[in-house]
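The values are calculated or read from the model by the stated rules, or taken from the named source; none is laboratory data. If you're wondering where the values come from, they're calculated on a predicted model, not measured in any experiment. Positions of Cβ are generated from backbone atoms using ideal geometry, with glycine treated the same way; all protein chains shown enter the neighbour counts.
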Amino acid sequence: MIDIHAHLCFGDYDKDMHEILARCRREMSAVIVGTARYDEGVKALELSRKNHGFVFPTLGYHPTEGGENPEKIMNLIKANSDRIVGVGEVGLDHHWEKDVSKQAKQQEIFSRFIELAKTIGKPLVIHSWDAENECFQMVKDAGVEAVFHCFSGSRELAKEITERGFYISVSTMVLFSKNIRKMSKDIPLDRMLLETDSPFLSPNKEQDPRNYPWNIKLSAAKIAELRGDSVENILRAAKENAIGVFGLKIT
Ligand SMILES: [Zn+2]
């Protein structure tokens, strides 16, 4: 199994990172550590150095929480383009940002990250909350690979995205959201990825507020049930897709 988006470099995991990684290694093939801020990116690079061939980083800039300085992150990406497997998360967020001029600013920054991803030949990991179609319009003819992380747009848009050859990443939200369930039913298996967005989206918040990479197994079981497929088949397809789109060299 491969979780394609876990924020393992959030402070939430500082205390027991060792145990968490040990369990990931027992149960999983690889973990892609997603980032959205400069410091988080630096930490993810370090973690991937220590866990070469198992932890793979993507560096990005959150549209509303990325901070003041996207250039600093762009430079970090350029300097580490051989180590990272994607650019993200980057994108647009119209859920938290309703101000039109600030949305335009998000768009301007996102377009620079799209160019950067194209230059270094890495896929984009896109954050698109309430701006799914806007993001799709910006990348569809950009000449880059794209993964729609934590996608929660419509089934119709999911169809367009996958027909265009991009990937939809289904999060552990599939365990509690009707919408995501409906959508995950008809995504072609060769365009589907799995993620937890850890520490967010815990499947059992009362017991443990944190999410963990191995919980994609629960998502796969739910998706298998919805599609009348086997868990193994869902996990195998999602893993192959992840290796393909991110060019993972697992050791
Ligand atoms: Zn994220």
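Quick notes on this structure:
- Reported count of residues in the range 160-191, each being in contact with an Asp or Glu (Cβ under 9 Å, 6 or more places away or on another chain) and β-branched (Val, Ile, Thr), is 4.
- Any hit, the range 154-163, residues being more than 16 Å from the ligand (Cβ to nearest atom), within 15 Å of the chain's Cα centre (by Cα) and over 20 Å from residue 222 (Cβ atoms): no
- Given (1) crowded, with 21+ Cβ neighbours inside 10 Å; (2) at pLDDT below 95; (3) of a type in the set (Ser, Thr, Tyr), index of the condition residue 154 fails: (1)
- Residue list for the range 136-166, restricted to those being in contact (Cβ under 8 Å) with a residue 60 or more places away in the chain and part of a loop (DSSP other than H, G, I, E, B): 145, 149, 150
- Failed item, numbered, when residue 33 is tested on (1) in contact (Cβ under 8 Å) with a residue 40 or more places away in the chain; (2) surrounded by 20 or more Cβ atoms within 10 Å (Cβ to Cβ): (1)
- Residue within the range 174-194 that is in contact (Cβ under 8 Å) with a residue 12 or more places away in the chain, more than 19 Å from residue 223 (Cα to Cα) and surrounded by 16 or more Cβ atoms within 10 Å (Cβ to Cβ) present: no
- Where residue 31 falls short, out of the listed (1) within 16 Å of the ligand (Cβ to nearest atom); (2) of a type in the set (A, V, I, L, M, F, W, C); (3) farther than 26 Å from residue 221 by Cα: (3)
- Residue in the range 62-115 that is surrounded by the fewest Cβ atoms within 10 Å (Cβ to Cβ), counting only those that are hydroxyl-bearing (Ser, Thr, Tyr) and away from the ligand (no atom under 16 Å from the Cβ): 101
- Pick from the range 20-32, criterion under 16 Å from residue 245 (Cβ atoms) and of a type outside the set (Ser, Thr, Tyr), ranking: nearest to the chain's Cα centre (by Cα): 32
- Within the range 195-240, if we keep just the residues that are within 16 Å of the ligand (Cβ to nearest atom) and of a type in the set (Val, Ile, Thr), the residue that is surrounded by the most Cβ atoms within 10 Å (Cβ to Cβ) turns out to be 216.
- Residue in the range 125-135 that is touching a residue at least 12 places away in the same chain (Cβ under 8 Å), away from the ligand (no atom under 16 Å from the Cβ), in contact with a helix residue (DSSP H, G or I) (Cβ under 7 Å, 6 or more places away or on another chain) and farther than 17 Å from residue 194 by Cα present: yes
- When 142, 146 are checked against the criterion of being modelled with pLDDT of 95 or more and surrounded by 24 or more Cβ atoms within 10 Å (Cβ to Cβ), 146 stands alone in meeting it.
- Wholly within the range 1-120, strands (runs of 3 or more DSSP E) carrying at least 2 residues that are more than 20 Å from residue 136 (Cβ to Cβ): 2-6, 30-34, 55-59
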